[in-house]
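Take a look at the structure set out below.
All of the numbers you see were taken from the coordinates with simple rules; none came from a lab. Predicted model, so just to flag it, every value in this text is computed and none were measured. Ideal geometry is used to build each Cβ from the backbone, glycine not excepted, and the neighbour counts take in all protein chains shown.
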């Protein structure tokens, strides 16, 4: 008998959270159910909200990895100056990776970097040395994401101005 009472209590709490999500975020029951299933702890909802707002997507489109990357990197975009040049990066929640634009003198280089490598790069003692040792000439990174058309500027593959413009538009649209 106690087993059923606990199950009913848990079901009631879940239903209350679903209703709270529907009311707070103006989403339908199906979206609210998915949202509560992904983020059952209401104390994390503000982080999810901030991530969604920064990415320009609805809260129901945000996943755990998106929130984790947002929190660990201090946002969904960033810029640092290095000995190699200015490095700008944005998190792409559809690719679950970072798109990086590196300007070396007049040349634009774009890479698709996985989450772990991006964190290592940004947290390294020298972003320029990290770039030279781990990214520059790394064929795996240069070919990574070819289907998305991200990597360019490496070797005989110069970045087209439209790709740079697309990056700049997305970069400026992210909070």
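Points worth noting:
- In the set (1) part of a strand (DSSP E or B); (2) exposed (fewer than 13 other Cβ atoms within 10 Å of the Cβ), residue 87 fails one condition alone, (2).
- Matching residues in segment 156-172 - criterion: being free of Cβ contacts under 8 Å to residues at least 60 places away in the same chain, assigned to a helix (DSSP H, G or I) and touching a strand residue (DSSP E or B) at 6+ places or on another chain (Cβ under 7 Å): 163
- Condition met for residue 127 (in contact (Cβ under 8 Å) with a residue 40 or more places away in the chain, touching a strand residue (DSSP E or B) at 6+ places or on another chain (Cβ under 7 Å) and farther than 28 Å from residue 57 by Cβ): yes
- For segment 43-62, residues that are free of Cβ contacts under 8 Å to residues at least 60 places away in the same chain, under 12 Å from the mean Cα position of the chain (by Cα) and surrounded by fewer than 15 Cβ atoms within 10 Å (Cβ to Cβ) total 1.
- Scanning segment 63-81 for residues that are in contact with a strand residue (DSSP E or B) (Cβ under 6 Å, 6 or more places away or on another chain) and either buried (at least 17 other Cβ atoms within 10 Å of the Cβ) or touching a residue at least 12 places away in the same chain (Cβ under 8 Å) (or both) turns up 69, 76, 77, 78, 80.
- When every residue of segment 122-140 is checked against the conditions, at least one turns out to be part of a helix (DSSP H, G or I) and within 15 Å of the chain's Cα centre (by Cα).
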